[in-house]
Amino acid sequence: MKGTSMEHWIHPLWTDDPWSQFARHLESKAYDGVFILMDENTRRYCLPLFLAHAAGLVHHPLVIPAGEQHKNLDTARYIWENLSRYQANRRSLMICLGGGVVSDIGGFCASTFHRGMDVLNVPTTLLAMADAALGGKNGVDLDSIKNQVGTTWMPAGVLIDPGFLGTLPLTELHAGFAEIVKHALIDGEDFWQRLCSPGTSPWTESARLPVIIAEAAAFKMRIVTQDPSEKGLRKVLNLGHTIGHALETHFLQRGESVSHGWAVAAGIQIENILSVLLGLLNEQTCREINAQLALWYPKLLLSEVDLSEILATMRADKKNRNGRISFSLLRSQGNVDTDCQTDNMDLIKKAILVYVED
Ligand SMILES: NC(=O)c1ccc[n+]([C@@H]2O[C@H](COP(=O)([O-])OP(=O)(O)OC[C@H]3O[C@@H](n4cnc5c(N)ncnc54)[C@H](O)[C@@H]3O)[C@@H](O)[C@H]2O)c1
């Protein structure tokens, strides 16, 4: 199936015997050129494992620098120029071997080169396996504002092999776990409680992780299948992300980086407080969830200056409507209100202050 922006076509997710499914896909498509996009780390740590499963695959490597600060139009230009140099065309394939940065920029470049070539995601971080590689959203940052430019372009397939996580630094596992937490809160009490077993840090438990990843990925697929183009339901996945993106953008602009996952974890906590202030979420539930989150993700240190810059960033969020800032807010586990809008910056500021001071 061609990489496509068609509304009702959802990509396959290969989790059982993924490499056989991958081989069958390649055989059936007979691509005119295969490009493997990776960053400098995934070339080093993940390409050998990938090629061990795809022996003999003739490909052009495309290597970009690692890190969110390179998810921009300069890197996109480099990718497009190399696709052009090596004569990629609409019948070629781009394999994105990496974390969310690689699949976001790779999906964007593939969707726009010759007006669209197939893309196949092989996520190598926890965050990408559970979230970023799935569902066809892509993009690059512009002027340090997250994902300002992008498309929705369904990959031809997503291959999940938790074996890639063996080389992923612990900090990245920890950060990626935040998107799983988000999925669990949206999905409901059962999934959330399974994550909360006392005394454990699930992202360190290699025996348990594949099950958690499969559950989180299946959850996201259920949402995306019902609303591929984010007309309604899919917006629940933005839980924690209005504040999370503002935090990430703020630190990016200051030349410091906070991982996407950590920013989302803080974003969920602040938005939970906001949800209480707006009368949506019960205070006790908020306290319980935020206490668990604070155990997993100690608070980000935010000064007064940070605070005003973060509020300014939020006013520029592309999800704003008529100057009103839009949130997806938790009412209870398994129950999220989308399109909660407010222009009350004092209330948002108060929520951030409660997070900082509580
Ligand atoms: N499109 C979506 O739906 C969606 C959803 C959530 C997040 N995102 C995006 O995803 C990005 C974050 O993704 P991420 O956390 O995967 O970051 P990332 O892609 O930057 O990867 C994190 C780091 O780990 C390294 N790495 C990756 N795999 C490795 C491995 N197996 N072994 C060793 N090192 C490895 C990378 O080189 C990088 O340094 C953000 O840009 C965010 O906006 C997109």
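Bear in mind these aren't lab numbers, they're just calculated from the coordinates by the rules spelled out. Just so you know, these numbers come straight off a predicted model, no measurement behind them. Because the Cβ atoms are built from the backbone with ideal geometry, glycine has one as well, and the counts that use them run over all protein chains shown.
Using the number of other C-beta atoms within 10 angstrom as an exposure proxy, rank Asp346, Asp141 with the fewest first.
Lowest to highest Cβ neighbour count: Asp346, Asp141.
What angle do you read, to the nearest 10 degrees and between 0 and 90, between the alpha-carbon axis of helix 73-85 and the longest principal axis of the chain?
10 degrees
Distance check, please: which entries in Lys71/Lys182; Lys29/Lys182; Lys182/Lys349; Lys231/Lys299; Lys220/Lys349; Lys235/Lys350 exceed 29 angstrom between their Cα atoms?
Values: Lys71/Lys182 23 Å; Lys29/Lys182 36 Å; Lys182/Lys349 22 Å; Lys231/Lys299 33 Å; Lys220/Lys349 31 Å; Lys235/Lys350 24 Å.
Too far apart for the 29 Å limit: Lys29/Lys182; Lys231/Lys299; Lys220/Lys349.
What does the charge dipole of the chain about its Cα centre add up to, to the nearest 20 debye, if the Cβ of each Lys and Arg holds +1 and the Cβ of each Asp and Glu holds -1?
880 debye
How large is the dipole of region 7-53 about the Cα centre if only Lys and Arg carry +1 and Asp and Glu carry -1, each at its Cβ, rounded to the nearest 20 debye? It would help to have the intermediate numbers written out before the result.
Working: 4 positive and 7 negative charges, 33 e Å.
Charge dipole, region 7-53, about its Cα centre: 160 debye, nearest 20.
Once every DSSP H run of n ≥ 4 in the chain is given -39500 (n - 2.57) and the sum is divided by its residues, what mean residue ellipticity at 222 nm do you get, rounded to the nearest 500 deg cm²/dmol?
Only helices count here, giving -14500 deg cm²/dmol.
Going by how many other beta carbons lie within 10 Å of each one, how would you line up Ile105, Ile268, fewest first?
In increasing order of surrounding Cβ atoms, one gets Ile268, Ile105.
Could you tell me how many cubic angstrom of Cα convex hull volume the chain has per residue?
On the way: hull volume 44.4 nm³, N = 358.
Per-residue hull volume (Cα only) is 124 Å³.
Give a quick list of chymotrypsin sites (Phe, Trp or Tyr not before Pro) in region 66-111 that DSSP marks as loop, anything other than H, G, I, E or B, with at most 16 other Cβ atoms within 10 Å.
Of the chymotrypsin sites (Phe, Trp or Tyr not before Pro), the ones in loops of region 66-111 whose Cβ has at most 16 other Cβ atoms within 10 Å are Tyr86.
Expressed as a whole percent, how much of the Cα-Cα distance distribution for region 191-281 exceeds 20 Å?
Counting pairs separated by more than 20 Å, the tail of P(r) holds 55 percent.
How big is region 124-230 along each principal axis, measuring the range of its Cα positions in Å and listing the largest first?
Here the spans come out as 41, 31, 26 Å, largest first.
Work from the charge dipole of region 182-323 (Cβ charges, +1 for Lys and Arg, -1 for Asp and Glu, about the Cα centre) and give the residue of Ser303, Ser201, Thr313 farthest towards its positive end.
About the Cα centre, the residue reaching furthest to the positive side is Thr313.
Please report the relative contact order for region 200-331, taking Cα pairs under 8 Å with a sequence separation of at least 6, and give it as a percent rounded to a whole number.
Working: 119 pairs, mean separation 35.5, N = 132.
Relative contact order of region 200-331: 27 percent.
For region 173-244, what is the per residue volume of the convex hull drawn over the alpha-carbon atoms, in cubic angstrom?
Hull volume over Cα atoms, normalised by residue count, gives 96 Å³.
Give the long-range amide H neighbours of Val149: residues separated by 5 or more places, or on another chain, with amide H under 5 Å away, using H modelled in the peptide plane at 1.01 Å from N.
The answer is Val140, Leu142.
Of His60, Pro48, Ser20, which is farthest along the charge dipole of region 1-101 in the positive direction, counting Lys and Arg as +1 and Asp and Glu as -1 at C-beta?
Value computed over the given set: His60.
Just round it to a whole percent: the fraction of Cα-Cα distances in region 200-358 exceeding 24 Å.
Values: 4436 of 12561 pairs.
Here the tail beyond 24 Å accounts for 35 percent of pairs.
What is the magnitude of the charge dipole of region 203-305 about its Cα centre, with +1 placed on the Cβ of each Lys and Arg, -1 on the Cβ of each Asp and Glu, and no other charges, expressed in debye to the nearest 20?
The calculation lands at about 240 debye.
Dividing the Cα radius of gyration by the Kirkwood radius, what Rg/Rh value follows for region 94-144?
Values: Rg = 10.4 Å, Rh = 10.8 Å.
In region 94-144, Rg relative to Rh is 0.97.
Projected onto the charge dipole of the chain (+1 at Lys/Arg Cβ, -1 at Asp/Glu Cβ, origin at the Cα centre), which of Ala266, Leu134, Met345 gives the Cα projection farthest towards the positive end?
Farthest towards the positive pole: Leu134.
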